[in-house]
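Asks: Quick one: the structure is below, questions incoming.
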């Protein structure tokens, strides 16, 4: 029972890392455009993260829970999966790379499942759903944000609005709230799915005849609470990358970026697919930047896409090795596991003590983000919006 409680606590730690790692998905746009002060923005986002618990179901949680077959899912498998996902989240956060917490978790589950029971231990249909979302969600989010930027330019032209007009600020707040709600709705469920799978695998919970799991209420509230707390802590290094390094965001392009992210996230959640909210948000920001004519930082985008491509194989490998270490004979398993946990915990504490702050990010925001500077429009938009 002690081991079970410890691994459930580890799952909630992963959820916490998901919160601060992916806080940039909604916070970065409102921070970069100074629509909200940085410290207020994370509380704003966290409140919407948590609000999803009262509205959204558990379809995504069940997709994640089925990644590894119940007869293989045990404390060791879930520990290895979570350890890999947490390690990857902290590593990418330290370098400011907006990679996917969701895919880190899925990769961890696959790696641990393979180590425990081979290919037959994995529900490849669940993995396939995730793999499809990896490809489709960034494309959908980019395209919708690109088109939304055209609509924004049309509105500015028709109503003669400056870039930072109050309607755009309100729209950015509403859309950022929606992104935060979607982040909580989709990502908190992943932790719920892991805990539910663990409870089924250890005999503390039973799956229904259709294979679905009735997730306990305490699991739901714990998962949503942990992700909201992580968001409040703030992963400022990734917020810096998303808000300031991919492109130059203005209030109106921030609206377009959020619209793209909302469409992709809510669509995937409705389908029960564990989408990467990070992929959706980052692609939306890039889409708005391209459509507005400001352009994107190809070096940063290239590094970001590379991290997306590496996430699954890296976490599969880490989880595979971790589980093999826990299966060493006798005391060797405890020694090996203890060493990697102590080393990882030490590095995490050092990293968090040196973390970038909200004030550091705000100091980097260009002064022109506060001014009424019209966003340059894409050549195809010329004549449909104010001149740059």
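Laboratory data are not the source of any read-out in this text; all were calculated from the coordinates shown. Keep in mind that this is a model prediction, so the values were computed, not measured. Heads up, the Cβs are rebuilt from the backbone with ideal geometry, glycines too, and the neighbour counts pull from every protein chain shown.
Asks: Starting from the 7 Å offset along Cα-to-Cβ, what nm value, one decimal, do you get for the label separation of residue 353 and residue 136?
Replies: Label-label distance for residue 353 and residue 136, simple model: 4.7 nm.
Asks: Which whole-number value in Å³ per residue fits the convex hull of the alpha carbons of the range 1-131?
Replies: 131 Å³
Asks: If one takes the longest principal axis of the Cα atoms in the chain, at what angle in degrees, from 0 to 90 and to the nearest 10, does the Cα axis of helix 298-326 lie?
Replies: Roughly 10 degrees, rounded to the nearest 10.
Asks: Using Cα springs under 10 Å in a Gaussian network model of the chain, which residue among 35, 77, 110 shows the largest mean-square fluctuation?
Replies: 35
Asks: Let me ask something else. Please work out the ratio of the alpha-carbon Rg of the range 263-313 to 2.2 N^0.38 Å and round it to two decimals.
Replies: Details: Rg = 12.7 Å, N = 51, 2.2 N^0.38 = 9.8 Å.
Output field value: 1.29.
Asks: If you rank 365, 265, 246 by fewest surrounding Cβ atoms within 10 Å, what's the result? Please report the intermediate quantities before stating the final value.
Replies: Values: 365 18, 265 29, 246 23.
Ranked by crowding around the Cβ, least crowded first: 365, 246, 265.
Asks: Still on this model: Using the Kirkwood radius over Cα pairs, work out the Stokes-Einstein diffusion coefficient for the chain at 10 °C and 1.306 mPa s, in µm²/s as a whole number.
Replies: Working: Rh = 20.8 Å.
Rounded to a whole number, D works out at 76 µm²/s.
Asks: Something else: In what sequence do 144, 55 fall when counting other Cβ within 10 Å, fewest first? Present the calculation step by step, with values, prior to reporting the outcome.
Replies: Details: 144 24, 55 9.
Lowest to highest Cβ neighbour count: 55, 144.
Asks: Hey, another quick one. Using the alpha-carbon atoms, what tilt in degrees (0 to 90, nearest 10) does helix 331-353 show relative to the longest principal axis of the chain?
Replies: Helix 331-353 sits roughly 20 degrees off the main axis of the chain.
Asks: Going by C-beta contacts inside 10 Å, put 146, 95, 54, 168 in order with the fewest on the left. Could the numbers behind the result be given before it?
Replies: Numbers: 146 21, 95 12, 54 9, 168 24.
Exposure proxy ranking, most exposed first: 54, 95, 146, 168.
Asks: Report the rotationally averaged projected area of the range 235-350 based on its alpha-carbon convex hull, in square nanometres.
Replies: Across all orientations, the range 235-350 yields a mean hull projection of 9.6 nm².
Asks: Taking the alpha-carbon centroid of each part, what is the distance from the range 45-64 to the range 272-291 in angstrom?
Replies: Here the two parts' Cα centres lie 19 Å apart.
Asks: Using Cα springs under 10 Å in a Gaussian network model of the chain, which residue among 23, 228, 91 shows the largest mean-square fluctuation?
Replies: 91
Asks: A further question follows. Need one number for the range 20-89: average projected area of the convex hull over its C-alpha atoms, nm².
Replies: Working: hull surface 25.6 nm².
Seen from a random direction, the Cα hull of the range 20-89 projects 6.4 nm² on average.
Asks: Relative to the longest principal axis of the C-alpha atoms of the chain, give the angle of the C-alpha long axis of helix 277-292, reported between 0 and 90° and rounded to the nearest 10°.
Replies: 20 degrees
Asks: Contact order normalised by length for the range 2-381, with contacts defined as Cα pairs under 8 Å and 6 or more residues apart; what percent is it? Intermediate results must be reported in sequence, preceding the final value.
Replies: Values: 717 pairs, mean separation 128.9, N = 380.
Computed over the range 2-381, the figure is 34 percent.
Asks: Expressed as cubic angstrom per residue, what is the convex hull volume of the alpha carbon set of the range 172-327? If you can, show how the numbers build up before the last one.
Replies: Working: hull volume 22.6 nm³, N = 156.
With only Cα atoms used, the range 172-327 gives 145 Å³ per residue.
Asks: Here is a further query. Can you tell me the convex hull volume per residue for the range 184-268, based on C-alpha atoms, in Å³ to the nearest whole number? If you can, show how the numbers build up before the last one.
Replies: Values: hull volume 10.7 nm³, N = 85.
So the per-residue hull volume is 126 Å³.
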